[in-house]
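Input: a single structure, listed below in structure tokens.
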């Protein structure tokens, strides 16, 4: 992001720095502050709420263009949930819809120059992944009791191999929050760094006079192409996060393999 | 066009009143809803594959991260066990191997899941 403005500092990591806006003092040695990350989370939530409230305020039977945008996002998530977790999964619709919209809006807001990308910090994606993970575990045990453990015991495995298979299944289950959070975080982080580095090339090259100016055309074109790719990635990662959440919730509802 | 108009002109006097008109109306409503259903099904069939088709890019990233995550978790558990029980390096070796196996399992499973979603988009993996 921010192609032209970083002539003074072409530090590709600088955009991820967390700054305090308001500090509220300390609790147990941990500083409590309202940071730029928190500010952008508030902005994201406010934007989602405003988008959904304003676009659906007309309540037209025949939706206007804006209203149909809200309806499309509803149907997109609802279909995704029904396809991967069945109609029973629809009780998790508010959860999955909130996650999807939050990730999508956070990713897209991050594409605006100078804006902070909330999802480029692993602690935030990990917190969301752990929420999904714990929801699956708690709901799975609450609904199926110990039958939830069938998830780790595939049918038709000879008794000798069973301890090994169960260990592998448990490890595979434990790796879910890691892969879910790292995927989103790494995509956003790498994408924004790449953009910044290529945009930085434009500035460094143009310092070399006319030949540099001509050479700078290549990284500039790449920056434009990468920006388009990043918009695709922003949507795709929100989609992937949501659909994997649906699949994990499906395991909580139907724990047998 | 002309045929339609002639048909329209002929229907009202015949179906103006009585149970005949109701039956005619019911028949026409029925055929309308049937054709609407058919159109909807056609529409869904056309829309569903496209939704999963464009995700090839995400597929690669997804499989790679599934694989790596399992190995990382295996290594972390092994390392932690070694720290606690002082069995260096056996816990780490064992759990790394288990993590590798779990990674392969993850990749196979998610590839299989994606394949089933792609081939039968309207049923979904309700029982697997």
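The values are calculated or read from the model by the stated rules, or taken from the named source; none is laboratory data. What you are looking at is a predicted structure, and each value in this text was computed from that prediction instead of being measured. Cβ: placed from backbone, ideal geometry, glycine included. Neighbour counts: every protein chain shown.
Screening residue A:111 on (1) away from chain B (no Cβ under 14 Å); (2) assigned to a helix (DSSP H, G or I); (3) more than 30 Å from residue B:77 (Cα to Cα) shows it passes everything except condition (2). For segment A:122-157, filtering for residues that are assigned to a helix (DSSP H, G or I) and either in contact with a strand residue (DSSP E or B) (Cβ under 6 Å, 6 or more places away or on another chain) or farther than 30 Å from residue A:107 by Cβ (or both) leaves 12. Just checking, which of A:107, A:187 is farther than 17 Å from residue B:102 by Cβ, surrounded by 22 or more Cβ atoms within 10 Å (Cβ to Cβ) and without any contact (Cβ under 8 Å) to a residue 60 or more places away in the chain? Every option except A:187 fails the conditions. Residues of segment B:47-79 that are more than 12 Å from chain A (Cβ to nearest Cβ) and either more than 34 Å from the chain's Cα centre (by Cα) or modelled with pLDDT of 90 or more (or both): B:79 alone. If you go through segment A:39-75 and keep only what is within 19 Å of the chain's Cα centre (by Cα), more than 28 Å from residue A:87 (Cα to Cα) and in contact (Cβ under 8 Å) with a residue 12 or more places away in the chain, you end up with A:39, A:40, A:41, A:43, A:44, A:47. Only one of the listed residues (A:77, A:96, A:103) is closer than 28 Å to residue A:196 by Cβ and not in a loop (DSSP other than H, G, I, E, B). That residue is A:103.
Search segment A:138-148 for residues being in contact (Cβ under 8 Å) with a residue 12 or more places away in the chain and surrounded by fewer than 16 Cβ atoms within 10 Å (Cβ to Cβ), and hand back the single one that is nearest to residue A:89 (Cα to Cα).
To start, the set of residues in segment A:138-148 that are in contact (Cβ under 8 Å) with a residue 12 or more places away in the chain comprises A:139-140, A:143-144, A:147-148.
Cutting the leftovers down to surrounded by fewer than 16 Cβ atoms within 10 Å (Cβ to Cβ) gives us A:143, A:147.
Working: A:143: 13, A:147: 18 Å.
Ranking the candidates gives A:143 first.
In the condition set (1) part of a helix (DSSP H, G or I); (2) within 14 Å of another protein chain (Cβ to nearest Cβ); (3) surrounded by 15 or more Cβ atoms within 10 Å (Cβ to Cβ), residue A:255 is compliant with all but (1).
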